[in-house]
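A short write-up of the structure that comes next.
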Amino acid sequence: MKMWKLAAMSTVAIGMLATSFTTAYAGTAKTASVSGKTIGFADSTLTNPYFVALQKGVDSEAKKYGLKVINDNANNDDSTQLNQVEDLIQQHVSVILLNPVDSQSLSSAVKAANSAGIPVITLDRSVNSGKVATFIASDSVLAGKMAAQELIKALHGKGTVVELQGILGESAEIDREQGFDKEIATAPGIKVVAKQSANFDRATAMNVMQNILQAHPTINGVFAQNDEMALGALEAIQQAGKKNIKVVGIDGEQEAINDVNKGTMYADIAQQPTEEGVLGIDYAVKLLKGQKIPSKVNSPLHLVTKGSKFKGF
């Protein structure tokens, strides 16, 4: 009897907190175990260590709840990912975790899941339309702002910089650019002389950076919207024999953090993708239990500079 009373008290407490949260799929609170239910995880790519770590967080946390996970890798192709989400819908998964390749094209996938009554949680990136139960990510606007602050500091407010963009139109790319551009504009002595997409890819960034260095041989700084591009840009800079070009990235890859501590990169704005994957499962479980959840969950950012003890992924 005492256990039933405790469950009733918990249900009342959840109801009292409901006004501070928004979500779809709240439903009637369920007390049954979620063990044995299936979660679909549509990941954008596994060639980037960030998204490998994201999947690791999803898989490890799912095991704790006894959940089955269907992992899909889109290899950065939006049409492939759209088909994968449609397959997850056909398999009647309980919740879909989505790390979209493209924020616009994957909106239709979210709408399809909405029509099927399957809740969607987006991780690291979100979509432009469709109903998302919650979006779990670090604050990309803030990350861009922090990167700009580090370049302003490194250049003492004077110089020329370039910006390597991610996949154009994708939510993290838009937000990081917004945060960076607004903050870098507060330093009138710094001019952004080039802005080009390298699709969050290391090899593409190296090629793009090689071309930029030919057009702008005297640049002082580089902002790369993720670490893979930062590392590609750094390789191009080193191959060109350039020195004293300050590079700032975003992600928290161990390789990038090692370069920061060696002094070859100036700074990194570290995210925690494994924790994002863990949170994805935790909030999926809340949905399965009929609990209300916030529409946005921020995972922490960490500034990494030379001498930092921060552990990357």
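On the given criteria, is G169 at pLDDT below 95 and open to solvent by 10 Å² or more (accessible area, probe 1.4 Å)?
So G169 passes the test.
Which ones in region 285-313 are within 19 Å of the chain's Cα centre (by Cα) and of a type in the set (A, V, I, L, M)?
V297, L301, L303, V304
If you scan region 198-215, which residues turn out to be surrounded by 17 or more Cβ atoms within 10 Å (Cβ to Cβ), of a type in the set (A, V, I, L, M, F, W, C) and assigned to a helix (DSSP H, G or I)?
Correct list: A205, M206, V208, M209, I212, L213.
Residues in region 100-107: is at least one hydrophobic (A, V, I, L, M, F, W, C) and in contact (Cβ under 8 Å) with a residue 60 or more places away in the chain?
Yes, there is a match, as at least one residue in region 100-107 is hydrophobic (A, V, I, L, M, F, W, C) and in contact (Cβ under 8 Å) with a residue 60 or more places away in the chain.
Hey, could you check region 53-91 for residues that are charged (D, E, K, R), under 20 Å from the mean Cα position of the chain (by Cα) and closer than 16 Å to E275 by Cβ and say which is most open to solvent (accessible area, probe 1.4 Å)?
The residue in question is K56.
Matching residues to (1) in a helix (DSSP H, G or I); (2) at pLDDT below 95; (3) not acidic (D, E):
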position	(1), (2), (3)
G40	no, no, yes
V58	yes, no, yes
K63	yes, no, yes
L82	yes, no, yes
E86	yes, no, no
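Across region 110-137, which residue is surrounded by the most Cβ atoms within 10 Å (Cβ to Cβ) among those that are under 15 Å from D43 (Cβ atoms) and touching a residue at least 60 places away in the same chain (Cβ under 8 Å)?
L123
In region 247-302, which residues are in a strand (DSSP E or B) and either open to solvent by less than 40 Å² (accessible area, probe 1.4 Å) or within 19 Å of Q225 (Cβ to Cβ) (or both)?
Passing the criteria: V247, V248, G249, I250, D251, A267, D268, I269, A270, V297, N298, H302.
Would you check if L234 is in contact with a helix residue (DSSP H, G or I) (Cβ under 8 Å, 6 or more places away or on another chain), of a type in the set (A, V, I, L, M), in contact (Cβ under 8 Å) with a residue 12 or more places away in the chain and open to solvent by 50 Å² or more (accessible area, probe 1.4 Å)? So that I can check it myself, show each step before the final result.
On the way: in contact with a helix residue (DSSP H, G or I) (Cβ under 8 Å, 6 or more places away or on another chain): yes; of a type in the set (A, V, I, L, M): yes; in contact (Cβ under 8 Å) with a residue 12 or more places away in the chain: yes; open to solvent by 50 Å² or more (accessible area, probe 1.4 Å): no.
No, not satisfied.
Yes or no: region 156-165 includes at least one residue that is in contact with a helix residue (DSSP H, G or I) (Cβ under 9 Å, 6 or more places away or on another chain) and under 19 Å from Q272 (Cα atoms).
no
Closer than 26 Å to G312 by Cα, under 24 Å from the mean Cα position of the chain (by Cα) and modelled with pLDDT of 95 or more: does that describe G263?
no
Check off (1) open to solvent by 10 Å² or more (accessible area, probe 1.4 Å); (2) closer than 21 Å to G312 by Cα; (3) in a helix (DSSP H, G or I); (4) touching a Gly at 6+ places or on another chain (Cβ under 6 Å) for E228 and give me the number that stays unchecked.
(4)
Just one of the numbered conditions (1) assigned to a helix (DSSP H, G or I); (2) more than 29 Å from K309 (Cα to Cα); (3) charged (D, E, K, R) is not true of K195; which one?
(1)
Given (1) closer than 30 Å to E235 by Cβ; (2) open to solvent by 40 Å² or more (accessible area, probe 1.4 Å), where does S140 come up short, assuming only one miss?
Every listed condition holds for S140 apart from (2).
How many residues, within region 151-166, are assigned to a helix (DSSP H, G or I) and crowded, with 22+ Cβ neighbours inside 10 Å?
1
Tell me whether region 121-129 contains one or more residues that are closer than 30 Å to P188 by Cβ and not aliphatic (A, V, I, L, M).
For region 121-129, residues closer than 30 Å to P188 by Cβ and not aliphatic (A, V, I, L, M): absent.
The values are calculated or read from the model by the stated rules, or taken from the named source; none is laboratory data. None of these values were measured; they are calculated from a predicted model. No Cβ is skipped: glycine too gets one built from the backbone with ideal geometry, and neighbour counts run over all protein chains shown. Accessible surface is based on the protein model in full, side chains and every heavy atom, while ligands, DNA and RNA are left aside. Shrake-Rupley method; radii C 1.70, N 1.55, O 1.52, S 1.80 Å.
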